[in-house]
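The block underneath contains the structure these notes are about, expressed in structure tokens.
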Amino acid sequence: PPTTRVFNLKADFRQALPDIATLPQAFKAAGYLTRALGKVHHGPGRLDDAPSWSEPCWRPEKRFYHTAEGHAIEMELDKEAEAHGVFRFRPGPALEAPRIEDGETMDGQIATKAIEIMEGAGDKPFFLAVGFRKPHLPFVAPKRYWDLYDMEEIPALGHNQMPEGSAPWARTTWSELRSYMDVPDEGPLDEALAAKLHQGYLACVSYMDALVGQLMATLERLDLRENTIVCLWGDHGFHLGDNSLWCKLTNYEAAVRVPLIISAPGGYPRNTRSPRLVELVDLYPTLCELAGLPIPEYCEGLSMVPLLSDPALPWKPAAFSQIPVNDPERGRGLGRTLCNERYRLLEWRFDDTKGPVAFELYDYQADPQGKRNVAGEPSYATALQTMRDLLGRGWRGARQRL
């Protein structure tokens, strides 16, 4: 963010970096067909960044609900939105399990369009950014994916308290979830609703797995599987009641850790996991190297290709993230976080202070769920200082240690 100056969902990185070549733009310059489908970024239309794509970004017609009741609610909400001149005035239900086919939702249509593009590409190499919406709220997936999960056999994800010793401004209001009409505006969720939301999230993940499977099957059918780089990733994690939190917008593990799977030609070991720390900023140089394209000097990430060959290779000492905070008493501030392979450190600063006002340190070896902030405990003084030093050196310092 300090480089792109994108600190919210409305900012355009081109204002700070007008001449930079994006990842798809680099592939486009190398002769690839570059297409974006669905939710590749926020700001549809306004922030589509035409130089990056061979054709305008494609999106299905907006429809979030598929039962008769859900669709009727959505139509009424759309009328309200149109009257107010906004995309969506307020959300409808947080949950729905319609009896429909996979291809009927927006994500199903995105998968169908991606298959159509692959089938029509001919001999031209392609770069497809396939932006599935799920498992984002609302949790809507065909009912058969809900039926995969018996919530009586799946335990809740955590205790109903914030981590002991956490900063008061680390708590969120779950504003995204609470905006849905079937979720209370305040207070804890009852067990039945919490379990249903958990089930809905799992159902949406399984639905996305099936759609990704359709894309992989198409590559196999077109005899492209062994000549195609596939990267599956998410832009953020999600709290599901763990530490009394829901949604995202925190600096805790559940929100900042994301899925990442890379499959590439070249004889790399398959079905392996790496314990090493990588970041989404590493995707640009990684995909360029795998495709044989030059890695631009301005890339702030580090190619992960060596880890594909040796998942245990010594690597980055830390991974970084940050999130703005607005506390009613302290005003605007910033929460910065980093993790190494054992600890996570959170540092809190506010605009009216010259330095940090609080730290949180979690030992995931001793406390996997992050229930206790140990930053103030004497036995963790050395670990706290080590993590503070890593944070002070920043991502540039982390790269220099390789």
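Every number in this text was worked out from the coordinates using simple rules, so none of it is lab data. Since the structure is predicted, the reported quantities are computational estimates derived from the model, not experimental observations. We place every Cβ from the backbone using ideal geometry, glycine too, and count neighbours over all the protein chains shown.
Summary table below
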{"item": "Cβ charges +1 (Lys, Arg) and -1 (Asp, Glu), total dipole of the chain, debye", "result": "1180"}
{"item": "For the stretch 319-400: rounded, prolate or oblate by the Cα gyration tensor [a/c cutoff 1.5]", "result": "oblate"}
{"item": "Sorted by Cβ neighbour density within 10 Å, fewest at the top, the residues Tyr362, Tyr180", "result": "Tyr180, Tyr362"}
{"item": "Helix runs (DSSP H) in the chain reaching 20 Å along axis by Cα, Kyte-Doolittle at least -0.5", "result": "106-120, 191-221"}
{"item": "Check: the stretch 319-400 dipole with +1 on Lys, Arg Cβ and -1 on Asp, Glu Cβ, in debye", "result": "320"}
{"item": "Computed E for Asp351/Cys231 - FRET, C-beta separation, R0 41 angstrom, nearest 0.05", "result": "0.65"}
{"item": "Simple label model, 7 Å out from Cα along Cβ direction - Asp190 to Thr272, nm", "result": "5.1"}
{"item": "Where Rh is the Kirkwood radius over Cα pairs, Rg/Rh for the stretch 209-360", "result": "1.05"}
{"item": "Pairwise label distance in nanometres, Leu260 with Glu55, each label 7 Å out on the Cα-Cβ vector", "result": "3.2"}
{"item": "Shape category assigned to the stretch 172-237 from the gyration tensor of Cα positions, a/c cut at 1.5", "result": "prolate"}
{"item": "Inter-centroid distance (Cα atoms) of the stretch 268-298 relative to the stretch 9-26, Å", "result": "20"}
{"item": "Cα-based reach from Lys10 at 29 Å (exclusive), listing lysines while leaving out same-chain residues under 8 positions away", "result": "Lys28, Lys39, Lys62, Lys79, Lys113, Lys134, Lys248, Lys354"}
{"item": "In nm, spacing of pseudo-spin labels at Val86 and Glu377 (7 Å Cα→C-beta vector)", "result": "4.4"}
{"item": "Given charges at Cβ of Lys, Arg, Asp, Glu: the stretch 13-309 dipole, positive-most of Ala291, Pro91, Tyr145", "result": "Ala291"}
{"item": "Calculated log₁₀ intensity ratio I(q)/I(0) where the Debye formula runs over C-alpha points of the chain, q = 0.06, 0.10, 0.11 Å⁻¹", "result": "-0.26, -0.78, -0.96"}
{"item": "Ala312-Lys62 FRET efficiency (beta carbon distance; Förster radius 45 Å; 0.05 resolution)", "result": "0.50"}
{"item": "Gain in span if fully extended, Leu222 to Glu297, counting 0.36 nm per residue against the direct Cα distance", "result": "23.5 nm"}
{"item": "Value of [θ]222 nm, deg cm²/dmol, for the chain, DSSP H segments ≥ 4, -39500 (n - 2.57) each, nearest 500", "result": "-9000 deg cm²/dmol"}
{"item": "In range of the label at Gln214: residues from the stretch 39-82 whose backbone nitrogen is under 20 Å from the point 7 Å along Cα→Cβ", "result": "39-41, 57-67"}
{"item": "Span from the the stretch 332-402 Cα centroid across to the the stretch 111-176 one, whole angstrom", "result": "28"}
{"item": "Centroid-to-centroid separation of the stretch 223-242 and the stretch 47-75 [C-alpha atoms, Å]", "result": "21"}
{"item": "Order of Thr386, Thr3, Thr250 under a 10 Å beta carbon neighbour criterion, fewest first", "result": "Thr3, Thr386, Thr250"}
{"item": "FRET efficiency, 1/(1 + (r/R0)^6) with R0 45 Å, evaluated for Val281 and Asp150 via beta carbons", "result": "0.70"}
{"item": "Anisotropy class of the stretch 3-115 from Cα gyration tensor, a/c 1.5 cut", "result": "oblate"}
{"item": "GNM top mover of Ala83, Ala141, Ala129 - the chain, alpha-carbon springs below 10 Å", "result": "Ala83"}
